Amino acid sequence: MKVFFQIFVSIICTLRLGWCQELLIEAESFDNPGGWVVDPQFVQQMGSPYLMAHGMGEPVADASTTVRFPEKGTYHIWVRTMNWAPGDWQAPGRFRLKIDDRSFEKQLGQRSGWGWEYVGAKEIQHNTVVLSLVDLTGFNGRCDAIYFSVQKEEPPASPRKVADWRMQLAQEPNAPEELEAYDLVVTGGGIAGCAASIAAAEQGLKVALIHDRPVLGGNASSEIRVHTLGIYGHFERILKKLDTEHYPNGSAEAKLDQKKRDDNVKSYENIDLYLNWRAYDAVAENDSIRYVDARHTRTGKRKRFSAPYFVDSTGDGWIGFWAGADFSYGRESVNTYDEDWEEWGELWSPEEADNAVMGSSVLWGSKETETEQRFPEVPWALPVAKTYEEVNGEWQWEFSRNDLNQIDDAEAIRDHMLRAIYGSFANAKKDPKNATRKLEWVSYLVGKRESRRLVGDHVFTFNDAKKGTKFPDAVVQETREVDVHYQTVLENEQNPDFISEALFYKTPRYYIPYRSLYSKNIKNLFMAGRNFSTSHVGLGGPRVMRTTGQMGAAVGLAAVLCKKYDVNPRDIYTGYLEEYLDLIESQKYLKIPESKK
Amino acid sequence: MRWSLTAIALFVLQLGMAQLGGTPSFSNGWSKSGQVQQPEFFIFPWEPGTRLQEKKTSLSIEIDSMGMQPIKALVNEGGRTTLYVSDISTPVCADGDCRLMDIRLYWTLLGGYAGFDRYRSAPLTKHDHDEFVYADYLKLHQLLLDDNSILKRRKIDELVKKPAQPEEEGVDAIAGATIKEVKESVVSGALYSCYTAWHLVNGGIKDKIKDLTISTLNNELLEQMLMTDNSDYQMFVLKRLSDRQYEQYYVRIAEIFGGGIPLVRTLIVKNLPETIWNSERLQEPFWGHFERIDINTRSLLLGHLSEAPASVVHGLSNKLGQMTKNQLKIYLEYLSESQFLDTSILDNLKNFSSDQREANAYLVSYFLEDLRL
Ligand SMILES: Cc1cc2nc3c(=O)[nH]c(=O)nc-3n(C[C@H](O)[C@H](O)[C@H](O)COP(=O)(O)OP(=O)(O)OC[C@H]3O[C@@H](n4cnc5c(N)ncnc54)[C@H](O)[C@@H]3O)c2cc1C
């Protein structure tokens, strides 16, 4: 039992001038999540990791936990939840709360927007009870927390107030008490973050890699299943430890490369891997980051990480954002960097800047079975899917809309894709030829393509790719076309709004300068991955994961020289470039161990 | 080996053609007296009584091993060019087996694909020499409409998967199976014809036609294009109108705003000049389409809330259900700071906040709650 999050608080309730007893159970800390999954993707927006019944239409096994009540008595109970597709139909993700063997009548998961639903009152006669979540639908019911109080007073609903309330209840000090010190702290274990960690660790740095998932690889992981494209540049040896075969996106084969990648990263003694830890803040003083604070996604435990240098490889530029680094989001106007491609005009680069970006995807697939398979009616999905029918989803299943921010509204984007998937599959199931088809896998993680891009000393653009600009500090290279996506609904409103199309521009070999891999205004911050310093169109080519891996390896090595000379990332460009390029060049070859010299 | 066979086949073909006297003439009735019939596969509406005359241009299109073939303008009775056309005869070769494909292709004033006509006397054929049926022509039309087709980026030999173990190399070897994405977009059994036609239509000639149009561009032509429902034309014109012209044509532009594709609408909101936003009368027709337009454009329109007249701000309080969550937030935020928040708007907000069917009702409740503080 995780005592940490079963907070028993006896505080003076000033309004009532009496003692009240409260207990907050965080769902993600349940002893046994059963068939529910822990979803920590939207902590920054809705306040906490939560449990979700991702059963693809089949109710999942109960989640349960033992709760110890210091005081017996009658408690009022609320559950923090949300109906993720509200409308004129039964909520898709309904569940019940059970205490010991008794279920409450009330079906939960029915309110729109995250907030509290009142479950009922219950007399607690034993100090220890078993609390369970009983899924009723298999369609993504969600539970953030369960709150018991002897007073019938609903906790606050708005995300900001709820955060303060939680802190107060947990009596958490502002800063985490545990401090860990490293040479380099890398946040985000996609291919970029893994490569940065390996490159730095191989040269002797002590590295912390903080990653909010149980497995490494980000979009390339077996949880999202995108295969890695691009070339290796100077880093073939390192990147081969991390990349994937060329299976179709969404293929179960991703599992094979998963093991290779995890084993390889874990084999480095001086990489401390913090899996299931999500960074939630970066503290900067005088434009330098001092700490990154992170929280375990299940236990809620917190740690503070200090280091002279930090890598932001979160894809979303979180570390930079918290530290106050300059960043951009959306499409620049065509004249900002002269990125016109007349053939595609506004679809490629707009006359006036806007906040359109390439969208996020949720990959999925189904399989044939021997027997007939039923799939439930999904009226709540049809307003999105309409009459679209499909049995698999590839990269074109992509959603971006200008009123939605790929970070702030990521949960709405994911949920929109879930409706698109379930609806399209339900439509396809109406065709007798799909009678024996069954959903095999639907990711619940949003695979993102583009969000915040941190600004460096150089902003990489379409022209750099088109002309193959040979920068003196070129550390990454690529030959892959620049491809930029747009939603097909922009051209024809009859199209589904969750399908995209790619525009390809063939380029010569192009190079990314080191100056695009460290922050312009935060002195000790590197960035690698899709949140590097680039324009919207510039990102079109090098966002693929061998290229982002090259960026990671390049900054890992830069950090080594930063430490060696006790200087900041920019100083490597101004003062140690030759040594840096030599170090990169030497990566091709395995070092001969001292013993064999 | 295969190339030399192709060359021989082409030579034989050309020899035959010379004897036949070149391109077969149309049986469809596009004669020297002009074109009176709508092309069979066509993207524009065709007004009854339309008569288009062919007129020479400086343009021509290069056909593989057949040389240049002329591009002609089709001119209406008012003397204005409305389309470009070419009667094409081109060899189509697959695995050394060559045939001639005859097709009459039409382009828009901007070089976009406009349609095609088949020759009754020379129907298109597939690899196995079967004639195209109507559905095949229709599929070809769909393919040619797709200017970003997969055929664009691939060489023909990248589009066919060679059989794992070719049974026999030579003239009769079966062409490899076309890969899935290609298969879905081309006429089955006619990849080579489709490929050839797509590249003729969407190749370099596009830009040449567009350049020709631009070289003769005047206000009359801009107006002519603005009045059509073709979104390429609309985009082209909207990018070239002066602020004064935006005012002059605001009725037509607002109409396009209501009925156009999202891409065009977005461009309109972005391009509307200040003079329109400063005038209640001129901007109202745009707000009038609020419910009908796509979400992206609606967001852009809401970006102009602070310039909107009271009537619009009031009207929007009846349309809360059409707004997305973030749009509603923008509107409410605007209200909280504006002088327009009166009892009638408040009543609408209250009604909305208590409507069980409205997914975003809770946001309005929060807002009303905060107002009371
Ligand atoms: C559907 C789809 C298809 C694509 N197709 C291809 C393709 O075929 N080939 C290809 O190479 N690329 C493809 N891409 C692009 C590529 O996957 C992305 O650009 C990728 O994000 C780049 O890798 P990255 O390391 O920068 O980020 P990511 O892979 O996103 O990794 C960042 C990781 O950081 C973690 N993280 C984020 N915030 C925190 C935090 N606060 N604390 C701890 N951890 C955090 C995230 O969980 C994530 O796993 C595709 C993308 C999508 C969505």
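The values are calculated or read from the model by the stated rules, or taken from the named source; none is laboratory data. Not measured: the values here are computed from a predicted model. A quick note on method: Cβ atoms are made from the backbone with ideal geometry, for glycine too, and the neighbour counts reach across all protein chains shown.
Before moving on, here are some points about what is shown:
- Looking only at residues in the range A:364-393 that are surrounded by fewer than 15 Cβ atoms within 10 Å (Cβ to Cβ) and more than 24 Å from A:Gln90 (Cα to Cα), the one that is nearest to the ligand (Cβ to nearest atom) is A:Lys367.
- Within the option set A:Gly529, A:Gly447, A:Gly468, being at positive phi and surrounded by 19 or more Cβ atoms within 10 Å (Cβ to Cβ) holds for one residue only, A:Gly529.
- Positions within the range A:567-585 being without any contact (Cβ under 8 Å) to a residue 24 or more places away in the chain and either assigned to a helix (DSSP H, G or I) or not aromatic (Phe, Trp, Tyr) (or both), in sequence order: A:Val567, A:Asp571, A:Thr574, A:Gly575, A:Glu578, A:Glu579, A:Asp582
- Look at (1) touching a Ser or Thr at 6+ places or on another chain (Cβ under 7 Å); (2) basic (Lys, Arg); (3) assigned by TED's automatic domain parsing to the domain that holds B:Tyr362 and you find that B:Lys319 fails only one, number (1).
- Tallying residues that are surrounded by fewer than 21 Cβ atoms within 10 Å (Cβ to Cβ) and of a type in the set (A, V, I, L, M, F, W, C) within the range A:475-526 yields 4.
- The residue of the range A:518-552 that is nearest to the other protein chains (Cβ to nearest Cβ), among those that are away from the ligand (no atom under 12 Å from the Cβ) and among the aliphatic types (A, V, I, L, M), is A:Val537.
- Residues within the range B:319-373 that are among the basic types (Lys, Arg) and over 28 Å from A:Ile413 (Cα atoms), tallied: 2
- Taking the range B:270-286 as the range and being surrounded by fewer than 21 Cβ atoms within 10 Å (Cβ to Cβ) and under 21 Å from B:Leu316 (Cβ atoms) as the test, the residues that pass are B:Lys270, B:Trp277, B:Asn278, B:Ser279, B:Glu280, B:Arg281, B:Leu282, B:Glu284, B:Pro285.
- Selection of helices (runs of 4 or more DSSP H) fully inside the range B:266-373 by the criterion of at least 2 residues being within 14 Å of chain A (Cβ to nearest Cβ) returns B:295-302, B:325-337, B:343-353, B:361-372.
- Tabulated pairs, the range A:256-276, first free of Cβ contacts under 8 Å to residues at least 12 places away in the same chain, second surrounded by fewer than 16 Cβ atoms within 10 Å (Cβ to Cβ), C-beta under 9 angstrom, 6+ apart or interchain: A:Leu256/A:Glu245; A:Leu256/A:Tyr247
- So A:Val334, is it within 15 Å of the ligand (Cβ to nearest atom) and farther than 27 Å from A:Met167 by Cα: no
- Here the strands (runs of 3 or more DSSP E) wholly within the range A:448-516 that include at least 2 residues being more than 30 Å from A:Asn427 (Cβ to Cβ) and more than 11 Å from chain B (Cβ to nearest Cβ) are A:474-478, A:510-513.
- Of residues in the range A:439-486 being under 22 Å from A:Phe235 (Cα atoms) and of a type in the set (Lys, Arg), the one nearest to the ligand (Cβ to nearest atom): A:Arg480
- Selection within the range B:56-77 - in contact (Cβ under 8 Å) with a residue 24 or more places away in the chain and either touching an Asp or Glu at 6+ places or on another chain (Cβ under 7 Å) or loosely packed, with under 13 Cβ neighbours inside 10 Å (or both): B:Ser58, B:Leu74, B:Glu77
- If you check B:Gly115, B:Gly34, B:Gly96 for being within 23 Å of B:Leu191 (Cα to Cα), touching a residue at least 12 places away in the same chain (Cβ under 8 Å) and surrounded by fewer than 20 Cβ atoms within 10 Å (Cβ to Cβ), only one passes: B:Gly96.
- Of the listed requirements (1) modelled with pLDDT under 95; (2) within 19 Å of the chain's Cα centre (by Cα); (3) not aliphatic (A, V, I, L, M), B:Lys210 misses just one: (1).
Yes/no matrix, rows are residues, columns are (1) more than 23 Å from the chain's Cα centre (by Cα); (2) more than 14 Å from chain B (Cβ to nearest Cβ); (3) within 26 Å of A:Ala381 (Cα to Cα):
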{"position": "A:Tyr118", "(1), (2), (3)": "yes, yes, no"}
{"position": "A:Glu123", "(1), (2), (3)": "yes, yes, no"}
{"position": "A:Ser132", "(1), (2), (3)": "yes, yes, no"}
{"position": "A:Gln151", "(1), (2), (3)": "yes, yes, no"}
{"position": "A:Ala157", "(1), (2), (3)": "yes, no, no"}
{"position": "A:Leu179", "(1), (2), (3)": "yes, yes, no"}
{"position": "A:Leu184", "(1), (2), (3)": "no, yes, no"}
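- Hey, A:Glu202 of a type in the set (Asp, Glu) and closer than 29 Å to A:Val442 by Cβ or not: no
- For A:Leu239, the conditions (1) more than 15 Å from the ligand (Cβ to nearest atom); (2) crowded, with 23+ Cβ neighbours inside 10 Å all hold with the exception of (1).
- Flag if A:Arg437 is at pLDDT 95 or above and within 16 Å of A:Gly359 (Cα to Cα): no
- Test for A:Val384: is it outside any strand (DSSP E or B), in the same structural domain as A:Thr314 (by TED's automatic domain parsing) and among the β-branched types (Val, Ile, Thr): no
- The number of residues in the range B:214-240 being in a helix (DSSP H, G or I) and within 14 Å of chain A (Cβ to nearest Cβ) comes to 9.
- In the range A:217-236, the residues that are assigned to a loop (DSSP other than H, G, I, E, B) and more than 8 Å from the ligand (Cβ to nearest atom): A:Ser222, A:Glu223, A:Arg225, A:Ile231, A:Tyr232, A:Gly233, A:His234, A:Phe235
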